[in-house]
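Chemist: Here it is, the structure in full.
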Amino acid sequence: MAPRFKRVLVANRGEIAIRVMRTCRELGLSTVAVYSEADRSALHVRQADQAYCVGPPPSRESYLSQDAILDAAKKAKADAIHPGYGFLSENASFVRACDAAGIAFIGPPASAMDAMGEKTRARAHMVKANVPVVPGATEPFKTLEEARAFAEKVGFPVMLKAAGGGGGKGMRRIEKMADFESGWRAAKSEAMSSFGNDAVYLEKYLDQPHHVEIQVFADGQGNCIHLNERECSAQRRHQKVIEETPSPILNPTLRAQMGDVAVRAAKSVGYIGAGTVEFLVDSTRSFYFLEMNTRLQVEHPVTEWVTGLDLVRWQLDVAQGARLPFLEPLHPRGHSIEARVYAEDPGQNFMPSPGRIDYLRIPGGPYVRDDSGVYAGYEVPRFYDPMISKLSVWAPTRPEAIARLDRALSEYVVKGITTNLRYLRRILQHPDFVKGDYDTGFLPRAHDQLLGGDDAKLTEVAVLAAAVYAQQRAEKAATKISAATATGTQGSMWRHGRQR
Ligand code: ADP
C-alpha cells in the first residue's frame, strides 16, 4: 500500500472543512486550513493545526485560487488536499495541478471528472454506457433555430440548462414555443455570468419528479459499490433543503436496480472515491440519470447514519490505495433525515441574513448530529453560501426520525441573525411530508402554508398524522422484532449481505 498521509490540507471553509478535519484528527493526521481575509476568525481556522490565508474575501481570489492553495499546501508540507464540496472540488485542472505538484487530491482522477463535469458530456457518456438519461440533447446547441427544432421534437414543457451548470442555477422551464426565444436568451446570459460558459442544451421537463440519488464508492483496484439512496425532493429553487434515507418511494427491487445502474455509470468513467449519481424518478417509477457529482455530497451524513460508516475515512483510505472493505450491498439500518440550517430570512424571499451571531444553542440528545461552521460571537460573512449548519438525526423508523428532528430543531436557538429554523420545522410538520408523499414540486406548492398562517393548526395536523403513522409502523416493527428474536437474527442489520 502507498505511504500513509501525515498532513492533509482542506481546501474549503465552514462546516465541511470542519467535518473533514474531524476524521483526520481521529486518524492522527495533522490538519491544515486555508482561509480568506473574511474568514480570519472562522471556526475551521481555529480547529486546524495550521492555517494559511489564501487571499481576499471573494472566492475567485481565495478559495478558487489554485496557485494560492497549492502554495499553502507546499509551505505546510501537506501530503494531500481534500477539496470538500463546491469551490475546487469538481475542477479537473486543479486535480492535474495537484498531480503535477506531487500532492494527492482526495477525489476521483481528472479523467473521470472531465467525463462527468459538463452535463452534456456526462449525458453522452451515459448514453454510451446504456444508462437511461432524462430525454433531451447530449450536446449544447449552436443556434437558436437548432434549439427550437429540438424543443419541438421533444415536446413542451422543456428545461433549458447550462451545460456547465450547478447549484440550481442556469435552469429555465419553458412552457411553449412563444416563450422560447426570451427563455433562450435569459438562460444563455445567466449561464455566462454564473459559469463563464454560455453553452446551453435542453431536456424534457419531467412533471414533478422525485430526486433520488445513489451514493457510490470505488477503489483504485476496479471495485465499485453503492451505499443506497438519498431522497432529496424537498427543494427550493432546485436546491435541496431536507434530505432523507431510505427514500419513502423506493422498494428493494427499485433500490437494487438504481444501485446497479449507478455503479455502471461510475465504472464507465473509471471512477475512484466517493461520488453521487443523481436520478429523477417519475410517477411511473421510471428513473433517469440527471448528473453525477464527483465529490463528497453535502447530505452525506444521512448515509453515514444508516450505514454506520465514516465516508471521509473511506475517501482517505481509498486515496492511499486501500481496497473497499467489502463489496456486498449494505442494509440500511433505521432512518435518517437532515435539515439545512441557513442564515436567511424566509419572510424576505429567503434573502441571506449575514451578521453577528449573538447567542447560539446547539441541540443535543440521542442520535442528533449538528455539523456546524459557526459559534456564538461569530460574524457570518456575506461573501459565501449562507448555510450555517446541517442538523441530522437517526431513529429506528421514519416517523420517529421526523419527531426527533423536529424536537432537535425546537432546541436550536440562533440570535442576532435570521434563520430558516421555523420554516424547516413547518416542512417536517406538513402532512404531505409526514406521509412521505412529496416530490420536487412540494415546497413550491406548499409555499404559502409553510410561510404564512397559523403555526398551531399545522402542528395539530402533523401531530395527528405522525401519531397514526407511528402507530402503524410500531405495530409492524413489533411483529418483525419478535420474529427476528425468535430466529436469532436481531441486530444483524448492520452487517452486509444481499438486500431484502
Ligand atoms: P444542478 O446541477 O444545478 O443542481 P440538476 O441538473 O442537478 O441541477 O437539477 C437540480 C434539480 O432541478 C433537480 O433535482 C430537479 O428538481 C430539477 N430538474 C432538473 N432537470 C429537470 C427536468 N428535466 N425536469 C424536471 N425537473 C428537473
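The values are calculated or read from the model by the stated rules, or taken from the named source; none is laboratory data. Please read these numbers as outputs of a predicted model, since none were measured by experiment. Neighbour counts run over all protein chains shown; Cβ positions are idealised from the backbone, glycine included. Accessible surface is based on the protein model in full, side chains and every heavy atom, while ligands, DNA and RNA are left aside. Shrake-Rupley method; radii C 1.70, N 1.55, O 1.52, S 1.80 Å.
Chemist: Provide a single number: the residues in the stretch 102-118 that are out of contact with any Ser or Thr (no Cβ under 6 Å at 6 or more places or on another chain) and in a loop (DSSP other than H, G, I, E, B).
Modeler: 6
Chemist: Just to be sure before I move on: is ARG425 open to solvent by 10 Å² or more (accessible area, probe 1.4 Å), of a type in the set (D, E, K, R) and over 28 Å from GLY168 (Cα atoms) in the structure I sent? Can you show your working first?
Modeler: Working: open to solvent by 10 Å² or more (accessible area, probe 1.4 Å): yes; of a type in the set (D, E, K, R): yes; over 28 Å from GLY168 (Cα atoms): no.
Here the answer is no, as ARG425 does not meet what is asked.
Here is a yes/no grid of residues against (1) surrounded by 15 or more Cβ atoms within 10 Å (Cβ to Cβ); (2) away from the ligand (no atom under 11 Å from the Cβ); (3) aliphatic (A, V, I, L, M):
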residue: LYS128; (1), (2), (3): no, yes, no
residue: GLY136; (1), (2), (3): yes, no, no
residue: PHE141; (1), (2), (3): yes, yes, no
residue: GLU145; (1), (2), (3): no, yes, no
residue: ALA162; (1), (2), (3): yes, no, yes
residue: ARG185; (1), (2), (3): no, yes, no
residue: ASP198; (1), (2), (3): yes, yes, no
residue: PRO209; (1), (2), (3): yes, no, no
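Chemist: Do we have ALA274 as of a type in the set (A, V, I, L, M), more than 15 Å from the ligand (Cβ to nearest atom) and closer than 25 Å to ASP114 by Cα here?
Modeler: yes
Chemist: Is it the case that ALA178 is aliphatic (A, V, I, L, M), away from the ligand (no atom under 13 Å from the Cβ), within 13 Å of PHE289 (Cα to Cα) and not assigned by TED's automatic domain parsing to the domain that holds VAL298?
Modeler: Judged against the criteria, ALA178 is not a match.
Chemist: Out of curiosity, is ALA218 within 12 Å of the ligand (Cβ to nearest atom), open to solvent by less than 10 Å² (accessible area, probe 1.4 Å) and either touching a residue at least 24 places away in the same chain (Cβ under 8 Å) or more than 23 Å from the chain's Cα centre (by Cα) (or both)? Break it down into steps so the answer makes sense when it comes.
Modeler: On the way: within 12 Å of the ligand (Cβ to nearest atom): no; open to solvent by less than 10 Å² (accessible area, probe 1.4 Å): yes; either touching a residue at least 24 places away in the same chain (Cβ under 8 Å) or more than 23 Å from the chain's Cα centre (by Cα) (or both): yes.
Considered against the rule, which asks whether it is within 12 Å of the ligand (Cβ to nearest atom), open to solvent by less than 10 Å² (accessible area, probe 1.4 Å) and either touching a residue at least 24 places away in the same chain (Cβ under 8 Å) or more than 23 Å from the chain's Cα centre (by Cα) (or both), ALA218 comes out as no.
Chemist: Among the residues of the stretch 400-422, count how many are more than 14 Å from ARG340 (Cβ to Cβ) and open to solvent by less than 20 Å² (accessible area, probe 1.4 Å).
Modeler: The total comes to 3.
Chemist: Still on this structure: Given the residues GLY355, GLY365, which is the only one that is open to solvent by less than 20 Å² (accessible area, probe 1.4 Å) and assigned by TED's automatic domain parsing to the domain that holds ALA408? Write out each step before concluding.
Modeler: Values: GLY365 fails: open to solvent by less than 20 Å² (accessible area, probe 1.4 Å).
So the residue among GLY355, GLY365 that is open to solvent by less than 20 Å² (accessible area, probe 1.4 Å) and assigned by TED's automatic domain parsing to the domain that holds ALA408 is GLY355.
Chemist: Specify which of the listed residues (ARG4, ARG60) is under 23 Å from LEU309 (Cβ atoms) and not hydrophobic (A, V, I, L, M, F, W, C).
Modeler: Going through ARG4, ARG60 in turn, just one is under 23 Å from LEU309 (Cβ atoms) and not hydrophobic (A, V, I, L, M, F, W, C): ARG4.
Chemist: Here's a follow-up. Do any residues in the stretch 416-427 that are within 13 Å of PRO386 (Cβ to Cβ) have Cβ atoms under 7 Å from those of residues that are open to solvent by 10 Å² or more (accessible area, probe 1.4 Å) and of a type in the set (Gly, Ala, Ser), where the two are at least six apart or on different chains, and which pairs are they?
Modeler: ILE417/SER353; ILE417/GLY355; THR418/SER353
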